[in-house]
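Colleague: Before I ask anything, here is the structure I am working with.
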């Protein structure tokens, strides 16, 4: 039996394919990107649903309040949590003639559709709120994909309240958050430069002669981790940089390599004409012609993210470096 976006019965649909595969957990350190399976306990949705515990992949969607939400956005580490003890796991799925809503253990969920799944996976490196979703792709969904942060948070809160009613405790420890970016530069020879002046908007550095590029390094974190999985923004955010200027005895020039629209390692794509750009915590900034003398460099820091206090500025996962 299939259902519409409101959960009303629609009738039978032909199953065109059924099969199984083996999932392999990745090594990025992010459970959702690593495709770690998610366990949904019996009664996690309330009203006795699901009527039996089930496990799904992070991108598998459920129909809640008329919208499709991937399981990763529902995780509360209590009634809905990642299975951290698995590295490989079998999973089963089936296709119907057209993407459809069906029931699994009593809760409304989706059948497999290749183009739908590909769209959701493409969103993993960025803000998935409708990115790349055109009219034809949207029409392929049996129900709309949730793009409303407020609705997603409301649903997540409701499921968390249900977990409280079930008497469940969090399975992870609380981590302290802070706004201090730990901003500094790293030169080509590995030397670290801390700012000589720093206020809420500007960071000033003293660069030695001979430099033609620096790395802007800071703490970094994903909003979906620091705010909650209901915020569908999985970019690793360092700091948002605007104007950069060099001042020296033989040069005063603007540095715009991060704003010229080209892909540069460590910068998130903000689109053509952007006046600022987020780093991922370790961003390469070409300076143009090598400095003939010592110079001051000012960096406009328009925004910082929320960071985990215990998060090092030392490394960034390699798959997060590309712009």
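Colleague: For residue 105 and residue 65, compute 0.36 nm times the residue count separating them, minus their Cα-Cα distance, and round to one decimal in nm. Could you put the intermediate results ahead of the total?
Modeller: On the way: separation 40, 0.36 × 40 = 14.40 nm, distance 1.79 nm.
The span from residue 105 to residue 65 would gain 12.6 nm if fully extended.
Colleague: In addition: Taking the simple approach of a point 7 Å from Cα along Cα-to-Cβ for both residue 24 and residue 179, what is their distance in nm?
Modeller: A separation of 4.4 nm, rounded to one decimal place.
Colleague: If the stretch 214-271 were replaced by its equivalent ellipsoid, with semi-axes equal to the square roots of 5 times the Cα gyration tensor eigenvalues, what would those be, largest first, whole Å?
Modeller: Details: eigenvalues 177, 32, 14 Å².
In descending order the semi-axes read 30, 13, 8 Å.
Colleague: Give the dimensionless ratio obtained when the Cα radius of gyration of the stretch 177-308 is divided by 2.2 N^0.38 Å.
Modeller: It is 1.05.
Colleague: Once label points are set 7 Å from the Cα along Cα→Cβ at both residue 161 and residue 213, what is their separation, rounded to one decimal in nm?
Modeller: 5.3
Colleague: With each pseudo-label sitting 7 Å past Cα toward Cβ, what's the residue 302-residue 263 distance in nm, one decimal?
Modeller: Result: 2.3 nm between the two label points.
Colleague: Further question: With all pairs of different alpha carbon atoms counted, what Kirkwood hydrodynamic radius in Å does the stretch 257-313 show?
Modeller: That comes to 13.5 Å for the stretch 257-313.
Colleague: Which log10 I(q)/I(0) values, to two decimals, does the stretch 161-248 give at q = 0.11, 0.17 Å⁻¹ under the Debye formula with one point per Cα?
Modeller: These q points yield log10 I(q)/I(0) values of -0.49, -0.86.
Colleague: Same structure again: Could you give the C-alpha radius of gyration of the chain expressed as a fraction of 2.2 N^0.38 Å, taking N as the number of residues it contains?
Modeller: Its radius of gyration relative to the 2.2 N^0.38 Å reference: 1.17.
Colleague: Explain nothing, just the number: relative contact order of the chain, from Cα pairs under 8 Å at least 6 residues apart, as a whole percent.
Modeller: 16
Colleague: Just need the relative contact order of the stretch 177-308 here, percent rounded to a whole number, with Cα pairs under 8 Å and 6+ apart.
Modeller: 36
Colleague: Distance between the C-alpha centers of the stretch 239-289 and the stretch 28-63? Whole Å please.
Modeller: Each part's Cα centre sits 40 Å from the other's.
Colleague: When the label point is put 7 Å from the Cα of residue 250 along its Cα-to-beta-carbon vector, which residues of the stretch 187-229 have a backbone N closer than 20 Å?
Modeller: 188, 206-214
Colleague: Still on this model: Please determine, in degrees from 0 to 90 and to the nearest 10, the orientation of helix 149-165 with respect to the longest principal axis defined by the Cα atoms of the chain, where the helix direction is its Cα long axis.
Modeller: 60
Colleague: So, one more: Report, in deg cm²/dmol and to the nearest 500, the calculated mean residue ellipticity at 222 nm for the chain, where each DSSP H run with n ≥ 4 adds -39500 (n - 2.57) and the sum is divided by the residue count.
Modeller: Numbers: 4 runs with 35 residues, N = 323.
Rounded to the nearest 500, the figure is -3000 deg cm²/dmol.
Colleague: I've got another one for you. So between residue 85 and residue 154, what do we pick up on full extension, going 0.36 nm a residue minus the alpha carbon distance?
Modeller: Additional length available on full extension: 21.9 nm.
We did not get these values from a lab; they are worked out from the coordinates using the rules stated. What you see is a predicted model, and the numbers here were worked out from it, not measured in a lab. Note that each Cβ is placed from the backbone with ideal geometry, even for glycine, and that neighbours are counted across all protein chains shown.
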